[in-house]
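Novice: Okay, handing you the structure first.
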Amino acid sequence: MSTQSQVKIVEVGPRDGLQNETKVLSPEQKFELIERLYRSGLRSIEVGSLVNPARVPQMANSDALYKALDSSDFFSGQQSFPVLVPNIKGMERAIELGVKEIACFTAASDTFNEKNIGCDIEESFTRIAAVMELARQHHIAVRGYLSCIVSCPYEGAISQAKVAQLTERLLDLGCYEISLGDTIGVATPGQISPLLEQILRKTASDKLALHLHDTYGQALANISVGLAMGIRSFDSSIAGLGGCPYAPGASGNVATEDLVYMLHGMGFHTHVDLTELVETGSHISNLLGRQNNSKVGLALLSQNRRTESGVGVGSCK
């Protein structure tokens, strides 16, 4: 199988998805969700964040969850269970837990950073550098997030040159991959294409991922642009869960079911079972008492219900 035909999916539902939900799930409920995602074939699943629980109460039990996952015999050891780490204090917790991969984050907007993590871009890099040093000492892999790559809810349009420069800086600090985030989901292919062109002048495509929220329904179109430009790593969230507490109006990340359906239809390989994935999306949506935001999930669930009830398909125009 050609490496160009393989796509890595980083499932962010248990962290990025659940952090904006009003209902707080127990470690046991989160464990079941992650087990279901793993059973579908996903092998990179962001399981939580080691942030101040007062700021993000939905992530308060991330320590207990990671311990349960780490001690479980169910998982093969070939998977990646990264956790989000905001600072040295969070990094120290990660080391105590025996975490093997973390994600660090900043934004291409000073104002968004101030709202999100209480500091500007430069201070965020100082914090990341300190986290990276500890990560090197303890042989922990680090993935970097760069938010607001096209627009900021507070500052508006973001400079493409600035995004390219910050991407290079995160790689220079030692991140193995940079996930470029359209945090408020406003980007179109006409914006993503020239942005990636600028970044790819100095950065290899295998060092990049896309993290696209679907507020305006453009995420899959933007992912298609990334695929055409050689990117093979994408973040997604089961049932389209998510949003950001510091990005008013932003919807969840692109639904994993929708992404997998599109990739398989384009001839790419993900090693993910779409049927299992759709069932998982239905499970978590019901558990949270919320609308399932996956169009593929809703379509296949509806199709299954019609088949089970023996209802035929009528003529539609």
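The values are calculated or read from the model by the stated rules, or taken from the named source; none is laboratory data. Bear in mind the structure is a predicted one, so any value in this text is a computation, not a measurement. Note: ideal-geometry Cβ built from the backbone for every residue, glycine included; neighbour counts use all protein chains shown.
Novice: Within region 160-169, is even one residue of a type in the set (S, T, Y) and in contact with a strand residue (DSSP E or B) (Cβ under 9 Å, 6 or more places away or on another chain)?
Specialist: Scanning region 160-169 turns up at least one residue that is of a type in the set (S, T, Y) and in contact with a strand residue (DSSP E or B) (Cβ under 9 Å, 6 or more places away or on another chain).
Novice: Which number in (1) modelled with pLDDT under 95; (2) surrounded by 14 or more Cβ atoms within 10 Å (Cβ to Cβ); (3) within 19 Å of E46 (Cα to Cα) marks the one condition that A247 misses?
Specialist: Here A247 clears every test but (3).
Novice: Tell me yes or no: at least one residue of region 93-101 is surrounded by 23 or more Cβ atoms within 10 Å (Cβ to Cβ) and either in contact with a Lys or Arg (Cβ under 8 Å, 6 or more places away or on another chain) or under 26 Å from H213 (Cα atoms) (or both).
Specialist: Checking region 93-101: not a single residue is surrounded by 23 or more Cβ atoms within 10 Å (Cβ to Cβ) and either in contact with a Lys or Arg (Cβ under 8 Å, 6 or more places away or on another chain) or under 26 Å from H213 (Cα atoms) (or both).
Novice: Here is a follow-up. Quick check: is even one residue across region 147-164 closer than 26 Å to R93 by Cα and surrounded by 14 or more Cβ atoms within 10 Å (Cβ to Cβ)? Reasoning before the result, please.
Specialist: We begin by selecting, within region 147-164, every residue closer than 26 Å to R93 by Cα; these are 147.
Restricting the remaining residues to those that are surrounded by 14 or more Cβ atoms within 10 Å (Cβ to Cβ) gives 147.
There is at least one residue in region 147-164 that is closer than 26 Å to R93 by Cα and surrounded by 14 or more Cβ atoms within 10 Å (Cβ to Cβ).
Novice: When you scan region 41-58, do you find a residue that is in a helix (DSSP H, G or I), under 19 Å from the mean Cα position of the chain (by Cα), buried (at least 18 other Cβ atoms within 10 Å of the Cβ) and free of Cβ contacts under 8 Å to residues at least 60 places away in the same chain, even just one?
Specialist: yes
Novice: Does region 136-147 contain any residue that is β-branched (V, I, T), under 28 Å from L25 (Cα atoms) and out of contact with any His (no Cβ under 9 Å at 6 or more places or on another chain)?
Specialist: yes
Novice: Can you spot a residue in region 81-91 that is at pLDDT 95 or above, surrounded by 18 or more Cβ atoms within 10 Å (Cβ to Cβ), over 19 Å from the mean Cα position of the chain (by Cα) and hydrophobic (A, V, I, L, M, F, W, C)?
Specialist: yes
Rundown of residues vs (1) among the small types (G, A, S); (2) within 19 Å of S49 (Cβ to Cβ), yes/no style:
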residue	(1), (2)
I128	no, yes
V131	no, yes
S147	yes, yes
E155	no, no
A161	yes, no
L170	no, yes
I192	no, no
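Novice: Under 14 Å from the mean Cα position of the chain (by Cα), in a helix (DSSP H, G or I) and buried (at least 24 other Cβ atoms within 10 Å of the Cβ): which single residue out of L277, L259 fits that description? Lay out the reasoning, then the answer.
Specialist: Details: L277 fails: under 14 Å from the mean Cα position of the chain (by Cα).
Testing whether each residue is under 14 Å from the mean Cα position of the chain (by Cα), in a helix (DSSP H, G or I) and buried (at least 24 other Cβ atoms within 10 Å of the Cβ) leaves just L259.
Novice: Take region 12-34 and flag every residue that is over 17 Å from the mean Cα position of the chain (by Cα) and either acidic (D, E) or in a helix (DSSP H, G or I) (or both).
Specialist: If the condition is that a residue be over 17 Å from the mean Cα position of the chain (by Cα) and either acidic (D, E) or in a helix (DSSP H, G or I) (or both), then P27, E28, Q29, F31, E32 are the ones that fit.
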